[in-house]
1. Whose amide H sits under 5 Å from the amide H of C:LEU138, counting only residues 5 or more places off or on another chain, with H placed in the peptide plane?
2. Hey, got the dipole for the protein assembly as shown? About the Cα centre, +1 on K and R Cβ, -1 on D and E Cβ, debye to the nearest 20?
3. Placing +1 at every Lys and Arg Cβ and -1 at every Asp and Glu Cβ, with all other atoms neutral, what dipole size does region A:72-122 have around its Cα centre, in debye to the nearest 20?
4. Convert each backbone phi in region C:127-133 into a coupling constant with the Karplus relation 6.51 cos²θ - 1.76 cosθ + 1.60 (shift: θ = phi - 60°), then list the ³J(HN,Hα) values in order as whole Hz, x for Gly and Pro.
5. Farthest toward the dipole's positive end in region A:291-414, which of A:ASN398, A:GLY411, A:ALA310, given Cβ charges of +1 (Lys, Arg) and -1 (Asp, Glu) about the Cα centre?
6. I need two numbers for region A:36-158: Rg to one decimal and Dmax as a whole number, Cα atoms only, in Å.
7. Arrange the following residues from fewest to most other Cβ atoms within 10 Å of their Cβ: A:GLU24, A:GLU291, A:GLU380, A:GLU204.
8. To the nearest whole percent, what portion of all C-alpha pairs in region A:224-361 is separated by more than 20 angstrom?
Amino acid sequence: MASDLRALLALVALASACGSGARERFTPPAFADGGLLRDAVPASRAALAQLSGVHGVEGDAALLGDDVVVRAAGDRLSIFARPDATYAVLRAGCRDGGDTFVLEGYYRRATTVASGLVRLFAEPETNARALCRGEPAPAPIELAGTFDDSSVRLRLQRGARDPSGRFFVVAHRGGCRTIDDCGASENSLEVLRLADALGADAVEVDVQLTSDGVPILYHDDQFDPRLASGAYCRGRVADFTMAHVQALCRLAGGERVPTLDDAFRTVVDETTLRGVWLDVKSVDVLGPASELAARHWARAKAAGRDVTIAVGLPTTELIDAWRARPAPSGPTCLAELEASDAIDAGCGVWAPRWTRGLLEDDARRVREHGGRVAYWTLDEEDFIDTFLGAHPDALLTNRPGLVRHRFESIGVVP
Amino acid sequence: MPSLVFPEPAPAGHARFGLGVSVDVLPRRLVESEIREVPRMVGQTRVGVGADFFATARFAGNVLSNELSVSAGYAHRFGPIVAALHERVAFWLGYLGVEGFDTTAWGLMTMPGASIGAGDPNGFRFTATLEVFLVHAQHVRLPDATVERRRFLVAGGALTLTVEDRVGKSSLVYYGVTATLAQPDYQLWLAFSDSEQRRVYPTFFAGYGF
Amino acid sequence: MRAWITTSIVSVAMTPCVARAEQPPFQLEASASFGYTRASSESFGGDGRLAVQNGGPSISAHVAARLRHPVMPFVELGTTPVFRSDDAADLGPWGGTTTAYNRLSATWALAGPEVPIGPLRLFGGVGAYRLAVRSTVLGVTATSTDWSFGYGFGATVHLLSRESFRVGVGGRVLLLSEAELVVYQAALVVGWVGPR
């Protein structure tokens with residue numbers, strides 16, 4: 001009877017479209033024994049930078065396509081491929097007295113959520129030794145190895161199209177959405193630390209306000225099992241103090257709900273991200289969020305970090321509230337409605353929803369007034385390619401690796 | 001008179017019309033657009049063609065999300081059980097996002113399926129229907145750009161349980177539930193922005209046949 | 001919103017059964033259930049709970065239309081505490097370790113078909129659930145509510161029948177799908193059957 005009842009409950013729960021109940025969350029695979037990097041000296045960032053660019057692929061085209069984009073982000077190296085929006089996150093190290101340059105990590109197919117292990121070696125050996133010494137590689141860069149059991153060889157064809165970083169790939173929800181299951185919950189400190197490895201130059205985060213006025217990162221205005229866990233973590237965000245949020249709620253992956261202050265600190269101190277788009281959810285949030293944005297913009301500048309912070313204004317109420325306040329020093333605003341809103345409010349960015357089309361005439365007007373243009377939210381390759389044809393300054397996406405690959409293939413530097 | 005859904009063979013020219021309402025139950029707040037929470041009006045008809053063949057036409061829409069389909073099928077009685085095979089061709093049209101209804105999408109699908117039914121001709125009749133969704137083309141028209149996909153895609157399927165009950169001399173009421181397993185590309189507004197790789201969701205419906 | 005639409009559609013779907021006007025009789029069956037509920041252990045973990053009360057007394061009102069159909073439409077309203085606990089809470093930089101005093105209750109509306117089989121009633125339907133949370137942390141009490149779509153299934157056995165009154169026992173399983181909660185109930189049922 002108990003098993004029958006459980007089967008019935010499971011069937012009904014399945015049909016209920018709740019989805020995320022007891023599903024196991026993705027944990028990035030790792031080599032069981034720590035892999036070859038266990039005994040390796042971590043590679044320098046200069047060495048990783050030499051590997052960055054567009055690589056031709058020899059091997060299973062169904063796995064990685066004809067070419068991949070390799071990008072260094074901090075002490076990690078990422079590979080972005082077109083089929084199934086596949087990406088790999090690797091770390092590098094030197095072994096055998098500096099004769100072997102090895103990269104190990106995991107790959108994940110974003111559209112099918114399959115994953116596996118990656119191990120690559122820099123070839124030829126002269127390149128490996130040079131990379132380990134931090135010197136320029138003498139021969140054309142090649143990386144050879146395996147994605148699970150499939151052999152691949154990557155040959156560097158050219159450097160990145162946009163070395164100065166004028167085009168921004170903006171990752172949605174801090175890096176990836178909870179339902180995308182990339183290894184961290186959306187709007188968490190953990191996903192912010194992962195975002196640049198996922199292909200992002202910047203992140204968009206959602207900001208709500210607790211009842212005691214603390215800005216936190218959370219998308220919905222209600223806590224529920226879709227994004228948060230906790231038996232009593234239910235109800236409106238604005239009904240709970242920060243102490244209640246810390247006591248009752250964790251994000252779906254078990255992470256703490258972060259404050260906006262901690263999020264800024266993480267972006268500036270622990271990542272290579274160059275931008276933050278604050279999706280301000282209500283007028284009450286605008287003041288505290290803007291003050292934090294100004295403070296951390298100044299802190300980043302003092303630390304030599306160029307971090308663009310844009311305060312999103314998705315409604316006319318927020319646009320009016322922004323214009324009624326003295327503009328914070330440093331951060332700019334990002335208007336999501338009409339181009340005239342961006343121009344009249346002096347916003348640095350105009351970001352219309354993609355369903356409104358390319359709006360090229362409006363985009364031209366915004367640029368004539370010194371602003372930049374972004375579109376949101378684009379995940380499908382067909383739509384990404386269409387909008388890259390409008391030469392945007394940024395695209396907001398749930399698939400930053402795919403956008404990066406498409407930009408390298410067909411994009412034009414703004 | 002034939003039933004509306006029950007897959008019994010019907011004499012040529014005999015027709016039944018039905019009017020009802022259906023609503024999808026998608027996870028709340030998972031989708032950005034509220035259009036998915038608006039019930040759809042459903043109008044349908046089933047006509048006997050002769051020699052145990054039948055044809056149906058169906059429209060389900062709420063202005064924002066609309067589907068028009070026609071199907072042909074063959075039904076046969078096996079003692080107390082009736083069974084049918086059918087193929088439905090569907091055209092759907094809808095709006096993506098609701099700010100100004102700027103962007104429309106349409107798609108072409110075929111849905112081969114089978115039904116099995118049992119019941120009392122003068123009382124309750126139960127029908128189970130299984131359909132597979134095959135998407136053949138999708139088209140999104142932005143105000144100033146067009147994105148087309150002409151690729152074949154198995155986009156999921158649906159299992160429907162329908163109850164029809166005779167009311168009065170010749171009318172009937174029907175109600176039931178559909179469990180749909182849909183890939184994100186089944187309909188573009190399901191794929192829009194916040195969809196998961198694959199989703200199972202129920203649809204509840206009820207209506208009147210005359 | 002959608003829970004209410006669905007519950008209403010299911011209710012309306014049931015009531016056309018009443019339209020068989022050429023076949024009276026029509027009879028209402030109403031009952032009140034006084035029971036005790038318990039939430040499933042999967043819904044509430046045990047870690048860090050200093051004092052726990054799972055479930056509590058529940059009350060619900062149930063009305064079904066008895067027809068010469070095998071299926072009766074029903075609607076039901078009910079309420080119950082779901083869970084109550086004192087929990088060790090780690091507030092991190094917001095107050096260190098403390099105790100949180102927490103309470104969760106649910107109110108529901110169900111609608112769907114009911115099947116009478118002699119003294120047995122089997123029913124199941126869709127539901128709109130309203131959850132209420134109350135939590136006290138560091139002396140500050142927060143309250144909030146949330147809605148959840150879900151389902152409910154149950155059965156009642158009438159053990160004693162006297163004219164219009166019936167007494168029996170029953171049980172329910174309430175599936176709050178969106179809230180990822182399962183609540184079980186056992187109840188004493190007091191019913192009344194209207195005239196034909």
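1. C:THR99
2. That gives the protein assembly as shown a dipole magnitude of about 1820 debye.
3. It comes to approximately 220 debye.
4. Karplus-based 3J(HN,Hα) across region C:127-133 equals x, 10, 10, 10, 9, 10, 10 Hz.
5. So the residue we want is A:ALA310.
6. Looking at region A:36-158, its Cα Rg and Dmax stand at 13.3, 40 Å.
7. Fewest-to-most Cβ neighbours within 10 Å comes out as A:GLU24, A:GLU291, A:GLU380, A:GLU204.
8. Tail fraction, whole percent: 55.
Just so you know, all these numbers are worked out from the coordinates, no wet-lab data involved. Quantities reported herein were computed from a predicted structural model and do not represent experimental measurements. Every residue, glycine as well, gets a Cβ built from its backbone with ideal geometry; the counts of neighbours run over all protein chains shown.
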